[in-house]
1. Does at least one position in region 174-183 carry a residue that is in contact with a strand residue (DSSP E or B) (Cβ under 7 Å, 6 or more places away or on another chain), in the same structural domain as Ala65 (by TED's automatic domain parsing) and among the acidic types (Asp, Glu)?
2. Of everything in region 251-272, what is assigned to a strand (DSSP E or B) and in contact with an Asp or Glu (Cβ under 9 Å, 6 or more places away or on another chain)? Give them in sequence order.
3. Restricting attention to region 228-250, and to residues there that are at pLDDT 85 or above and loosely packed, with under 13 Cβ neighbours inside 10 Å, which single residue is farthest from Leu190 (Cα to Cα)?
4. Where in region 273-315 are there strands (runs of 3 or more DSSP E), lying fully within it, with 2 or more residues that are touching a Ser or Thr at 6+ places or on another chain (Cβ under 9 Å) and crowded, with 16+ Cβ neighbours inside 10 Å?
5. Which residue, of Thr115, Thr169, Thr110, is under 22 Å from Leu67 (Cα atoms), polar (S, T, N, Q), in the same structural domain as Ala97 (by TED's automatic domain parsing) and free of Cβ contacts under 8 Å to residues at least 60 places away in the same chain?
6. Taking Tyr213, is it touching a residue at least 60 places away in the same chain (Cβ under 8 Å), in contact with a strand residue (DSSP E or B) (Cβ under 6 Å, 6 or more places away or on another chain) and over 23 Å from Arg171 (Cα atoms)?
7. Could you please find all residues in region 65-82 being touching a residue at least 40 places away in the same chain (Cβ under 8 Å), part of a loop (DSSP other than H, G, I, E, B) and either under 22 Å from Asp245 (Cβ atoms) or in contact with a strand residue (DSSP E or B) (Cβ under 7 Å, 6 or more places away or on another chain) (or both)?
8. When residues of region 107-163 are filtered for being of a type in the set (Ser, Thr, Tyr) and closer than 21 Å to Leu42 by Cα, how many remain?
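The values are calculated or read from the model by the stated rules, or taken from the named source; none is laboratory data. If you're wondering where the values come from, they're calculated on a predicted model, not measured in any experiment. Positions of Cβ are generated from backbone atoms using ideal geometry, with glycine treated the same way; all protein chains shown enter the neighbour counts.
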Amino acid sequence: MGEAYQYPESLPIEPLGRTPTATVAPPGSKSITNRALVLAALSSVQRPNLLHGCLCSEDTEVMIAALRQLGYQVDPDWRSPQQTVRVFRGDRPLVPARGADLYVANSGTTMRFLTVMVSLGQGRYRLDGVRRMRERPIADLLDALDRLGVRATSETGNGCPPVVIEGGTWRGGRVRIKGDISSQYLSGLLMAAPFAPCTTTFEVDGQVVSQPYLEMTQRMLYAWHLNISTPTGSSYLVPGDQKPDGLTRGEYHIEPDASAASYFFAAAAITGGRITVPDLAMHSLQGDVYFVDVLERMGCTVERGPDRLTVRGGKLRGTDVGMSDISDTVMTLGAVALFADGPTTIRNVAHIRHKETDRLAALAAELRRLGAGVEEFEDGLTIHPRPLQGARVQTYHDHRMAMSLALVGLRVPGVVIDNPRCVAKTYPGFFADLRTLY
């Protein structure tokens, strides 16, 4: 994976001896990178697509490996300053390989997006991952594919991976899909539907979690000159058999990861420092930039520039916030909440129980280990700040748990991160970047 990082079995986090003023440049967005790889693979008929600023991490590497196994030309240049990946399909079939056995590790985007993508192929495709992936639900997506005419099954019958897709029978029409588990289901369908042989309308039941990720998908479809319309607030009409003329100049530039940036904005909040992230602004494709609004509500000062965001810490106060749209930053806010005056309540995030771990239960357990009072309920938490203590915190093989809880150690002596290597899933250089604050 590009630059090699060494990770010990556990990593002590030293408290900062100063108030940091820093500029930190997180790597490219995982969500945008994996969407761009799918769209480039399907669209790059006339010429290769060059994707600049790609994230090099476990999640994106498993996507690249799977696309290569499916017969696409995918060539990353991780040594280049631009972190460019060249993708080309040419005049081969939509899915060149007539069948494949794909391993996706614990990458949710890879599992969901490729489950739909291979339904456009002609053959039998099996997708599997790590043990935790085999516990993550995908039944609603399989049901939607079944209604489209695709034979899509859970191998064990429990609605979780491994999944088996028999492609080539997409018949379109109107399909209903639930929106309360993962926006990635609908994003995967929207990216594949323009290449299906017929028009498809998707109707969403209930409120969609992580709505900004659907908006990201739509804006990226437009960048690839693919047509999609929204006749109502809860439906998406996608004409089939589209022949897009591709990216302008065959190039696409990927933003820094806003979820990754949230850790450094939170570091500013926790330490009273001033931290800037360049090339990220409020007009970002990523909804997680709105995490800075939550920090502002808690007492931080936010400077919103046209090409950068800066957070300066202040006296923190607790807040009450629904985080359905920015749920990847729940753990980050959990760390900040420990240093606020008064309790912080996080609501409307029941779906994060189905992520790399049950993130609500895991966060509650580790914040209590550090000394906080935590009330856990079905769709959120209330965090009561109390005197904190150092502890060896567990990460549950979850990158976001490791990165969030490391922030506590910037002020509390004795915090040790168990299995810090799990950050390689989306941010291999996180601890190296964290060291730049010292």
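1. So far as region 174-183 goes, no, none of its residues is in contact with a strand residue (DSSP E or B) (Cβ under 7 Å, 6 or more places away or on another chain), in the same structural domain as Ala65 (by TED's automatic domain parsing) and among the acidic types (Asp, Glu).
2. Pro256
3. Across region 228-250, the extreme among qualifying residues is Arg249.
4. Result: 274-278, 308-312.
5. Exactly one residue qualifies, and that residue is Thr169.
6. no
7. Leu70
8. Final tally of qualifying residues: 6.
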